[in-house]
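See below for the structure under consideration.
The values are calculated or read from the model by the stated rules, or taken from the named source; none is laboratory data. Here the structure is a predicted model, which means the values were calculated and not measured. Note that we place each Cβ from the backbone using ideal geometry, even for glycine, and neighbour counts take in every protein chain shown.
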Amino acid sequence: MHPHDLNHPPPADALLTRRQFFGRTATGIGGAALTSLLQPSLCGASAEGVRGAVGRPHFAPKAKRVIYLFMHGGPSQLDLFDHKPGLRALHGADLPDSVRGTQRVTGMTSGQKNFPVTSSIFNFAQHGRSGAWVSELLPHTAGVVDELCFIRSLHTEAINHDPAVTFLQTGHQQPGRPSFGAWTSYGLGSENQNLPSFVVLISRGSAARPADPLYARLWGPGFLPSNHQGVSFRSSGDPVLYLSNPPGLDAAARRDQLDVIGELNRAHQARHLDPEIETRIAQYEMAFRMQTAVPGLADLSDESENTFTAYGPQARVPGTFAANCLLARRLAERDVRFIQLYHRGWDQHYNLPSDLRLQSEDIDQPCAALIRDLKQRGLLDETLVIWGGEFGRTAYSQGKLEAANYGRDHHGRCFTMWLAGGGVKPGVVYGETDDFSYNVARDPVHVHDLNATLLHLLGLDHTRLTFKFQGRNYRLTDVEGSVVKAILA
């Protein structure tokens, strides 16, 4: 019989598998992260936050945090920001083959016999010192254009919603990679020990249409440690699931319970050498601290009447886009690193004139109020605000073009987003599309270029913010991306 028989088992070290060996080497990093959460002073982290994997930003950041206003469904650039008056003379004519070329169209319009050019039914005007064109649908946004940087020449590789949103927010069309917020949390850590570094707020648009799927993986950590995933806040009940203690369990009993669970987890970790167990311990501790921090955050009773008036009539209604914008400002005040707002309902394949008006009314006043509020409080310079969707809409009508009604299909060849604060040049319009808003004519900005630029504003070199997984170093921008230096202040 082998010397190490049942009566004389080998020492634990002799039983290390290859998986456990690499797990143990990773434990040093995980243990340091856990210690920084539980005893920040021992790791050089402040009592207010936890340092990220990068340690210090690669260079001096312009922005400390992000508020990402995501219009899920693809808002029409032609009806909001990309003014094309020449289309009125061509309204109803077939889109020239020379413009469309051999570019792919979706299955929803590929069977159409013709592609009628569709000019916007809405009036446009120039605003501010910058002279930016804005549709009549966004009068409040028009009032802050000199704080905004419009990028009209964005383009993406995806043509349908889920791969397009996934691509914009994770750098890849297929699921499984970390979201932008998770990368930011991983790289920079948190400046608030009592709140998640990445918070997600979701609102439903006023347009009465089926909502496209919005999967939790869009704010997930992918292969990064799971404590970097976004925490989704709710509009009713506890702001976060299971935030309140169950009946009969007070704070002291909860603390005792977590201490016991922590001891069990640490014993489990010593045996299995799995860094995710340390993440679990840290998340239990974060949840305990959130029980004190979150209720005060979500309680808007200390906001002034002027503030509610500024954000609009829906600001008092939990779960609306207006209320979420106000909550986003409160999160920014508390140094939450990444705040993601999703507003659903922008997929106007039909009834665009009526539905786009409803969607615009949802977001126009709150967006402008958020910009003004951040600026008034001295937060705009260090907060990067982003507005946009996963793609734009076509210059031709989907289905029948009527005198006062039309729809537009998905269009990834060119679309518009705007940025504000956080080191971005204000009052700038960057990029240009052709006369049909169908192709980029000047200064193209790919999705990877956008994300590289956003990371740059946070002080991160997108080529150096990497994570090794399955033998490869991954990053948000995959193997591409260039910083758009022309829009940096």
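Could you pull out the residue among 220, 181 that is crowded, with 24+ Cβ neighbours inside 10 Å and not basic (Lys, Arg)?
Answer to the check: 181.
Could you tell me which numbered condition residue 94 fails, if it satisfies all but one of (1) charged (D, E, K, R); (2) at pLDDT 95 or above; (3) surrounded by 18 or more Cβ atoms within 10 Å (Cβ to Cβ)?
Here residue 94 clears every test but (3).
Of the numbered conditions (1) of a type in the set (Ser, Thr, Tyr); (2) within 18 Å of residue 51 (Cα to Cα); (3) in contact with a helix residue (DSSP H, G or I) (Cβ under 8 Å, 6 or more places away or on another chain), residue 141 satisfies every one except a single condition; which is it?
(2)
What do you reckon, is residue 108 among the aliphatic types (A, V, I, L, M), in contact with a Gly (Cβ under 6 Å, 6 or more places away or on another chain) and under 19 Å from residue 352 (Cβ atoms)?
Answer is no for this residue.
Considering only residues of region 468-489 that are within 22 Å of residue 64 (Cβ to Cβ) and in contact (Cβ under 8 Å) with a residue 60 or more places away in the chain, which is farthest from the chain's Cα centre (by Cα)?
Result: 489.
Residues that are closer than 20 Å to residue 179 by Cβ and crowded, with 23+ Cβ neighbours inside 10 Å: does region 347-356 have at least one?
Filtering region 347-356 for residues closer than 20 Å to residue 179 by Cβ gives none.
No, region 347-356 has no match at all.
Look through 190, 130 and report the one residue that is hydroxyl-bearing (Ser, Thr, Tyr) and within 29 Å of residue 464 (Cβ to Cβ).
190
Which condition number does residue 393 fail, the rest of (1) basic (Lys, Arg); (2) closer than 15 Å to residue 67 by Cα; (3) part of a strand (DSSP E or B) being met?
(2)
Please find, among 247, 225, the residue that is at pLDDT 70 or above and surrounded by fewer than 18 Cβ atoms within 10 Å (Cβ to Cβ).
247
Kindly indicate whether residue 323 is at pLDDT 95 or above and touching a helix residue (DSSP H, G or I) at 6+ places or on another chain (Cβ under 7 Å). Give the derivation first.
Numbers: at pLDDT 95 or above: yes; touching a helix residue (DSSP H, G or I) at 6+ places or on another chain (Cβ under 7 Å): yes.
So residue 323 fits the description; yes.
When the residues of region 184-200 are filtered to those that are closer than 18 Å to residue 341 by Cβ and within 16 Å of the chain's Cα centre (by Cα), which remaining residue is surrounded by the fewest Cβ atoms within 10 Å (Cβ to Cβ)? Walk me through it before giving the result.
Quick first cut of region 184-200, residues closer than 18 Å to residue 341 by Cβ only: 184-185, 195-200.
This time we only want the ones that are within 16 Å of the chain's Cα centre (by Cα), so: 184-185, 196-200.
On the way: 184: 26, 185: 28, 196: 28, 197: 28, 198: 27, 199: 26, 200: 24.
Ranking the qualifying residues of region 184-200, first place goes to 200.
Being more than 25 Å from residue 62 (Cβ to Cβ) and part of a strand (DSSP E or B) is the requirement here; does residue 406 meet it?
Considered against the rule, which asks whether it is more than 25 Å from residue 62 (Cβ to Cβ) and part of a strand (DSSP E or B), residue 406 comes out as no.
For residues that are part of a strand (DSSP E or B) and surrounded by 24 or more Cβ atoms within 10 Å (Cβ to Cβ), scanning just region 335-346, find the one that is nearest to the chain's Cα centre (by Cα).
Here the answer is 340.
Anything in region 457-466 that is buried (at least 21 other Cβ atoms within 10 Å of the Cβ) and in contact (Cβ under 8 Å) with a residue 24 or more places away in the chain? List them, or say none.
Scanning region 457-466 gives 457, 458, 460, 465.
Kindly indicate whether any position in region 91-101 is in a helix (DSSP H, G or I), touching a residue at least 24 places away in the same chain (Cβ under 8 Å) and over 25 Å from residue 354 (Cβ atoms).
Yes, that holds for at least one residue.
Can you confirm whether residue 280 is surrounded by 15 or more Cβ atoms within 10 Å (Cβ to Cβ), out of contact with any Cys (no Cβ under 7 Å at 6 or more places or on another chain), at pLDDT below 80 and not in a helix (DSSP H, G or I)?
For residue 280, the condition - surrounded by 15 or more Cβ atoms within 10 Å (Cβ to Cβ), out of contact with any Cys (no Cβ under 7 Å at 6 or more places or on another chain), at pLDDT below 80 and not in a helix (DSSP H, G or I) - is not met.
Restricting attention to region 147-157, does a residue exist that is within 30 Å of residue 341 (Cα to Cα), touching a Phe, Trp or Tyr at 6+ places or on another chain (Cβ under 9 Å) and at pLDDT below 95?
No; the residues of region 147-157 include none that is within 30 Å of residue 341 (Cα to Cα), touching a Phe, Trp or Tyr at 6+ places or on another chain (Cβ under 9 Å) and at pLDDT below 95.
Every residue in region 174-208 that is touching a Pro at 6+ places or on another chain (Cβ under 9 Å) and closer than 30 Å to residue 353 by Cα, please.
Selection gives nothing.
Out of 190, 203, 235, I need the residue that is at pLDDT below 75 and under 26 Å from residue 325 (Cβ atoms). Which one?
Values: 190 fails: at pLDDT below 75; 203 fails: at pLDDT below 75.
Result: 235 is the single residue among 190, 203, 235 that is at pLDDT below 75 and under 26 Å from residue 325 (Cβ atoms).
Which is more than 15 Å from residue 75 (Cβ to Cβ) and free of Cβ contacts under 8 Å to residues at least 40 places away in the same chain, of 400, 425?
400
Residue 112 passes all but one of (1) assigned to a helix (DSSP H, G or I); (2) closer than 24 Å to residue 212 by Cα; which number fails?
(1)
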